[in-house]
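A quick write-up on the structure given underneath.
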Amino acid sequence: MNKLLNFISSNNIQKIAILCDEKVWQLYPDYFHFLDEAAEVHYISIEASEKNKDIESIIFGWNFLLEQKFDRNSLLISWGGGIISDIGGMIAATFKRGIRLVNVPTTFLAMIDAAHGGKNGINLHHQKNVIGTFYLPEDVIIDIAFLKTLPKKELLNGFAELIKYALIGNKKLWEELQYVTKINYKIIKNEWIDEAIQFKTKLITEDLHDKGIRQVLNFGHTVGHAIERLFAEKKRAMSHGYAVAIGMCYELRFSHEKGFIASKDVEAIQQYILRFYKPVKLSESDVTAIANYCFDDKKNKNGHPNFIFLEEIGKAIPNSLFLQSFIETLRATSLQII
């Protein structure tokens with residue numbers, strides 16, 4: 001952690017707030033004790049759940065920082081998974097128009113995706129990340145030792161995003177992933193994390209505000225977020241990675257229907273995804289609800305859902321579908337694979 005200590009010293013940071021997942025704090029209570037002599041350190045512990053990804057958590061954070069007299073040179077460390085980095089990023093971006101931010105991700109998904117790129121968001125009426133900011137952390141510190149205490153469900157959460165990275169921009173990684181038959185922390189390679197970060201960083205450098213090429217990172221997410229919302233409203237939580245995995249299956253079909261990726265590749269990818277993520281059963285009303293939720297998605301343009309199409313394995317392109325063909329394909333796809 002010399003890198004973090006050097007950052008604190010070189011920027012003369014005197015106050016640090018560590019926003020942490022309460023489960024992570026219980027597992028690693030002494031992890032940040034080395035900071036005690038460097039600055040005044042405070043902890044903000046919350047339950048990392050979708051229901052807490054709301055404005056109340058942001059207000060709670062604002063009030064805490066205000067009471068402790070934090071200023072714009074103070075540091076907020078987000079220590080946890082994607083939910084924590086979303087909440088922490090929102091607090092840091094908005095408190096006094098922006099304070100220093102460092103992310104220390106503890107989940108596989110956050111290490112390769114959520115902790116990077118400066119997208120921060122909270123939910124409103126079960127709509128994912130509909131309120132948010134673009135605010136880059138000054139650093140992201142990766143410690144893969146955290147993966148040892150992650151449950152398999154959380155490893156699968158991140159593995160879905162790794163599959164996404166392979167499909168949209170790294171055919172070599174996709175070919176390597178074919179040899180993975182089970183998921184545990186021992187099979188996760190440092191190179192996979194590095195390659196995902198490098199790919200995302202390149203897109204962010206070109207398109208920070210998500211107006212063009214960065215949008216390919218949303219592959220599987222339009223339908224995935226709609227599925228998450230459906231299950232949230234049914235009071236049946238579904239993890240982000242699981243929903244994105246199923247969302248990718250749908251959006252693969254959309255890609256083929258629009259004349260892009262070959263059917264043999266669609267079948268191969270779906271079979272691979274469904275090796276790890278069991279299909280869910282959706283009723284006709286569920287399919288209609290998912291379609292409607294896609295039209296509420298924050299990425300939409302001029303009233304049309306904005307999907308990412310896969311042209312081939314390793315190459316994705318932003319595009320959109322219109323109402324009639326979208327609903328017909330969604331319904332047909334649900335009958336074929338779900």
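Please go through the range 261-306 and give me each residue that is touching a strand residue (DSSP E or B) at 6+ places or on another chain (Cβ under 6 Å) and not charged (D, E, K, R), ordered by number.
Those that are touching a strand residue (DSSP E or B) at 6+ places or on another chain (Cβ under 6 Å) and not charged (D, E, K, R): 261, 300, 304, 306.
Taking helices (runs of 4 or more DSSP H) that fall entirely within the range 219-338, which contain at least 2 residues that are touching a His at 6+ places or on another chain (Cβ under 8 Å)?
221-233, 240-257, 263-276
Would you confirm whether or not the range 138-147 contains a residue that is over 20 Å from residue 190 (Cβ atoms) and either part of a helix (DSSP H, G or I) or modelled with pLDDT of 95 or more (or both)?
yes
If we only count strands (runs of 3 or more DSSP E) wholly inside the range 57-131, which ones have 1 or more residues that are farther than 30 Å from residue 222 by Cβ and either at pLDDT 95 or above or open to solvent by 10 Å² or more (accessible area, probe 1.4 Å) (or both)?
75-80, 100-105
Collect the residues in the range 171-185 that are within 26 Å of residue 238 (Cβ to Cβ) and either in contact with a Gly (Cβ under 6 Å, 6 or more places away or on another chain) or among the charged types (D, E, K, R) (or both), keeping them in residue-number order.
182
Restricting the range 30-48 to residues that are open to solvent by 60 Å² or more (accessible area, probe 1.4 Å) and in a loop (DSSP other than H, G, I, E, B), which is farthest from residue 60 (Cα to Cα)?
If we take residues in the range 30-48 being open to solvent by 60 Å² or more (accessible area, probe 1.4 Å) and in a loop (DSSP other than H, G, I, E, B), then 37 is farthest from residue 60 (Cα to Cα).
Going through 113, 139 one at a time, which residue ends up being under 20 Å from residue 12 (Cα atoms), of a type in the set (D, E, K, R) and in contact with a helix residue (DSSP H, G or I) (Cβ under 7 Å, 6 or more places away or on another chain)?
Answer to the check: 139.
The values are calculated or read from the model by the stated rules, or taken from the named source; none is laboratory data. As the structure is a prediction and not an experimental result, all values here were calculated from the model. Positions of Cβ are backbone-derived with ideal geometry, glycine not excepted, and every protein chain shown enters the neighbour counts. The area values use the complete protein model at the heavy-atom level, side chains included, leaving out ligands, DNA and RNA. Shrake-Rupley method; radii C 1.70, N 1.55, O 1.52, S 1.80 Å.
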